[in-house]
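Below is one structure, written out as structure tokens; the observations come after it.
Just so you know, all these numbers are worked out from the coordinates, no wet-lab data involved. As the structure is a prediction and not an experimental result, all values here were calculated from the model. Backbone-built Cβ (ideal geometry, glycine too); neighbour counts: all protein chains shown.
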């Protein structure tokens, strides 16, 4: 099941991830986010080599701050994070096959991304 994150647990969750983390930045009022939700849930099952999570950027000011930190300008936006650092981005709604092709391209580079990314320092 896709993990629903909040700002409070964001950094520790990313620091402890041993796989690329695919994060959807979304919010309740976004119709495209609601259309993407079942597709995103399906993809999570198809990519055992990645961790899937979501962050509602309008749930509170702290979540919004995380979105700003990652340069989120619109929703839905999906970012693939390696050791907490960005390894790729997909902006906007896509049908499953197109989204899968985009993810395949990004995740195919994830081993390199994980090896070359310096992990965010643990507090």
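The length gained by stretching the chain between residue 31 and residue 9 to full extension, at 0.36 nm per residue less their Cα-Cα distance, is 5.3 nm. Each of residue 18 and residue 59 was given a label point 7 Å from its Cα along the Cα-to-Cβ line. The distance between the two points is 2.6 nm. Footprinting exposure proxy ranking of 33, 82, fewest other C-beta atoms within 10 angstrom first, gives 33, 82. With neighbour counts taken as other beta-carbon atoms within 10 Å, the residues 80, 22, 91 rank, fewest first, as 91, 80, 22. Which of 71, 49, 88 moves the most in a Gaussian network model of the chain with Cα springs under 10 Å? Per the Cα network of the chain with a 10 Å cutoff, 71 tops the list.
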